[in-house]
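Below is one structure, written out as structure tokens; the observations come after it.
The values are calculated or read from the model by the stated rules, or taken from the named source; none is laboratory data. Keep in mind that this is a model prediction, so the values were computed, not measured. Cβ coordinates were reconstructed from backbone atoms using ideal geometry, including for glycine residues, and neighbour counts include every protein chain displayed.
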Amino acid sequence: MPTIPITVTSTPVSSQRKVCCVLHTEFLSRQPGLCKLGELLFGGICVGLMITYGTPVWMTLGIAYPLFLVNSSAALLFTSVSLFCYLISEHTYRAIRTTV
């Protein structure tokens, strides 16, 4: 019986830990990801403090209260949406990073 040589090729396995095949979680361990989490934290703090302490006295604060509340809410919304997009798609993260 003749012998047949068999060649085995190995493919390198990446050392990155993935929570799910859909999420791009290594983004959170890089500097832009940590910065985005910080933005989300500070935006939440600003909106929370404004609603908690500003709402009872909003009449005495004048036009500054609604303007700051709208601004901080919009920043929180944009940060949340962009963080969600970055976590869902690595391609989105790379495309937006090159244009900004």
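Considering only residues that are out of contact with any Gly (no Cβ under 6 Å at 6 or more places or on another chain) and under 15 Å from Phe27 (Cβ atoms), which ones fall in region 73-90?
Passing the criteria: Ser80, Val81, Ser82, Leu83, Phe84, Cys85, Tyr86, Leu87, Ile88, Ser89, Glu90.
In region 25-38, how many residues are more than 9 Å from the chain's Cα centre (by Cα) and either closer than 14 Å to Leu77 by Cβ or of a type in the set (Val, Ile, Thr) (or both)?
Of the residues in that region, 1 qualify.
Pairs needed: first member in region 24-49, in contact (Cβ under 8 Å) with a residue 12 or more places away in the chain and of a type in the set (Gly, Ala, Ser); second member anywhere, crowded, with 16+ Cβ neighbours inside 10 Å and assigned to a helix (DSSP H, G or I); C-beta distance under 8 Å; at least 6 residues apart or different chains.
Listed by first residue and then by second, the contacts come to Gly33/Phe27; Gly33/Tyr86; Gly43/Ser72; Gly43/Ala75; Gly43/Leu76; Gly43/Thr79; Gly44/Leu76.
Only one of these conditions is not met by Leu23: (1) modelled with pLDDT under 90; (2) part of a helix (DSSP H, G or I); (3) surrounded by 14 or more Cβ atoms within 10 Å (Cβ to Cβ); (4) not β-branched (Val, Ile, Thr). Which number is it?
Result: Leu23 passes all but (2).
Taking region 44-63 only, how many residues are surrounded by 11 or more Cβ atoms within 10 Å (Cβ to Cβ) and either at pLDDT 95 or above or of a type in the set (A, V, I, L, M, F, W, C) (or both)?
10
Looking at (1) surrounded by fewer than 11 Cβ atoms within 10 Å (Cβ to Cβ); (2) of a type outside the set (Lys, Arg); (3) in contact with a helix residue (DSSP H, G or I) (Cβ under 6 Å, 6 or more places away or on another chain); (4) at pLDDT 70 or above, which one does Ile4 not meet, given that it meets all the others?
All conditions pass for Ile4, except number (3).
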